[in-house]
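Working notes, structure below.
Read-outs: derived from the displayed coordinates by stated rules, not from any lab. Model, not experiment: these values are computed from the prediction. Glycine gets a Cβ as well: all are built from the backbone with ideal geometry, and neighbour counts include every protein chain shown.
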Amino acid sequence: MSELVIVANRLPVDQVIDDDGGISWRRSPGGLVTALEPVLRSNEGAWVGWPGGVDQQLEPFVSEGLHLVPVSLSASEIEEFYEGFSNGSLWPLYHDVVAKPEYHREWWDSYVAVNQRFAEQAAAVAATGATVWVQDYQLQLVPQMLRELRPDLRIGFYLHIPFPPSELFAQLPWRRQILEGLLGADLIGFQLAGAAQNFVRLVRNRVGHRTHRERVYLPDGREVRAAAYPISIDAAEFEDLARSPEVARRAEEIRESLGSPKKIFLGVDRLDYTKGIFARLRAYAELVEGGHLSVEDAVFVQVATPSRERVEEYRILRDEIDRLVGRVNGDLGQLGRPVISYMHSSMPREELAALYRAADVMVVTPFRDGMNLVAKEYVACRYDDAGALVLSEFAGAANELRQAWLVNPYDINGMKTALLDACQAPEKEQSRRMRAMRRTVTERDVAKWAGDFLGDLTAVNPDQDLTLRPDFDY
Ligand code: ADQ
C-alpha cells in the first residue's frame, strides 16, 4: 500500500526484449518521472499506468526502485480509448480544433471503461488517506471514479495540454461527464491561469456549482481548486549535459557535418499537427527562395519524433512534410547543401543537447501547445547566453519566456521577419534576451513544479487526514 500514487496513461518504463528472449524494463526518459522520483521514493510511492503493449496481464513489479502497477489494454481499447477518444477526439478539441475532432460513441464507452480500470487499480494500491495524483487528458474521469471507490483519498489532477474555452469545449457530447469526472479531484492543475478560468467558468455554467475565483463549492461541502502550475524541466540536468566535453565535441561535429554553415536553425518536435512544423519550414524555404538566406550560409535542421502513427491525421501530416522537404531541397538545394536537413527519428538526450548547443536559432512554432518543453530545454542548454529562440505566442511557454522572438504561427510573413530578426540580431541583444530567459528556466524547474502542486494539494480540504510524509522538503 502506497502513501503516494501517480496515475498516468503510460508507465515510466519501456519494455526491452533481451537477446535470450527475456523481458526487462528500461526507464523511459521524461521530466515527469525525474521530478517525481524523490517524492515517490520517500513515500513508498507507486505508479499506475499502461506498459505500452497489447493485453499484457502483468503483476505489479519493481524497476530501479519504483513500484510499478501495470494496467492492461486490449487491442480494441488501444484503438478506441487511446487512438480514438484520447487522440482523435480530445487532443484536437483541446488544441483549438487545429484538426477536426471526431466523436464516436464506441470510443467514449471505451474511455469510460478504461478510466474505471485505472481508478480501480489506483484504489487497490493506495494506503488509507493516501495522496493520488492523476495525470492528463486520457484519464479525466479517474478523479471522480476514484473518489467513489475511496472517499478517504486526497486526489490531485494535472492537465498537460491546454483546456479549451467554453465555446469549443461545448462541442463535446460528453462535456458534463468530463467536468464532473475532474471535479472528483481536490486540486486541478493547468499549465496556464486562462485554462483554469475556462474550467471554472464551464463548471459554473454547465454543471451549476457555485464558484469564486479559483474555487468550486460542491453541494456536499467539499471544495475543488483549479489553478495554474506551469510545468518545467530539470534545467540543471540539461545544463550539465550541454557543458560536458562529449556534447561540446558532438556539437562541433554536427556543424562540420552540415558544411560549417554560418547559421543553423533547429526544430525539434513530436511529429504532430499542433506543432506547426509545415508552416515553419515553408516560411524558412521562402526566405531561401527570396534570397534572404542562402544554402551556403544557413541550414534548417528539423528533427521530428515519430508519433501516433496509426492515427490517420498523423500519417497525412508525415506525407505532407516529406513532400515539402523533398520539393524544397529539390528546387533550392545544392550538392551536399540541403535547405532542410530532416530526420524522422527519436534521439538520445545527449544528441539533443548537442543540437541545442549547435543551433543559432531555435524555432518553436506550435499552433497551440500546453507548455512546450523543447523551448525550455534549449534555453537551459545555452549556458553561454548565446543563441536565439523564436517562439509561438500560442505555446504555454510564451507566458514565461517573454524575451523570445514571439510569433503568430498562422502569419507566414510575420514568421519570416522573426526568423531573420532573430538570426541577424546583434550578439548583445541575443545574450540579453537569453540571460533573462535562463533566469526563469533555472528558477522554476520541474522539482519546483511538483513541489508547488503537492504542497497546495495538501492545503485544499485541510481537515482530511494527511499522510504524505512531511519529511520530504516541499
Ligand atoms: P509534448 O506534446 O510531447 O508534451 P513537449 O513539451 O515539447 O511536447 O515535450 C516533448 C519532449 O520530447 C521534450 O522533452 C523533447 O526533448 C522530447 N523530444 C522531442 N523530439 C524528440 C526527438 N526527436 N528525440 C528525442 N526526444 C524528443 C505534452 C504537451 C506539452 C507539455 C508537455 C509536458 O503537449 O505542451 O509541455 O506535455 O507537460
| said: For the ranges 299-310, 325-336, 86-97, what's the packing order if you count other beta-carbon atoms within 10 Å of each residue, average per peptide, and put the highest first? | reply: 86-97, 299-310, 325-336
| Per the helix-only calculation at 222 nm, which mean residue ellipticity applies to the chain, given -39500 (n - 2.57) for every DSSP H run of n ≥ 4 and division by its residues, nearest 500 deg cm²/dmol? | -12000 deg cm²/dmol
| remark: Contour minus Cα-Cα span, Glu106 to Leu332, at 0.36 nm per residue, comes to 76.6 nm
| query | Once the piece of chain linking Ile412 and Ala170 is laid out straight, how much longer is it, given 0.36 nm per residue of separation minus the C-alpha distance between them? | reply | 84.1 nm
| task | Enumerate the calculated ³J(HN,Hα) couplings along the stretch 272-286 in order (Karplus 6.51 cos²θ - 1.76 cosθ + 1.60, θ = phi - 60°), each rounded to whole Hz, writing x wherever the residue is Gly or Pro. | result | 9, 5, 6, 7, x, 5, 4, 5, 5, 5, 5, 4, 5, 4, 5
| Estimated inter-spin distance, Glu253 and Val62, nm [label 7 Å along Cα→Cβ] | 3.8 nm
| Could you name the lysines in cross-link range of Lys448, using Cα to Cα under 23 Å and dropping any fewer than eight places away on the same chain? | Lys376
| Cross-link reach list, lysines versus Lys428, counting only Cα pairs under 18 Å and skipping chain neighbours closer than eight places | Lys262, Lys263
| Between 0 and 90°, nearest 10: helix 349-358 axis offset from the chain longest Cα axis | 40 degrees
| Taking K and R as +1 and D and E as -1, what net charge do the other residues with C-beta under 13 Å from the C-beta of Leu293 add up to? | -2
| request: Within the set of other residues whose C-beta is less than 15 Å from the C-beta of Tyr229, count the net charge using Lys and Arg as +1 and Asp and Glu as -1. | output: -4
| query | To one decimal place, what Kirkwood hydrodynamic radius in Å is obtained for the stretch 235-443 from all pairs of distinct Cα atoms? | reply | 17.0 Å
| query | What whole number of Å gives the distance from the Cα centroid of the stretch 265-310 to the Cα centroid of the stretch 311-376? | reply | 5 Å
| query | Which of Phe157, Phe199 comes first, and how do the rest follow, when ranked by fewest Cβ neighbours within 10 Å? | reply | Phe199, Phe157
| request: With a 10 Å radius around each residue's Cβ, average the other Cβ atoms per peptide and rank 63-75, 108-120, highest first. | output: 108-120, 63-75
| task | In whole angstrom, note down how far apart the Cα centers of the stretch 27-80 and the stretch 97-118 are. | result | 21 Å
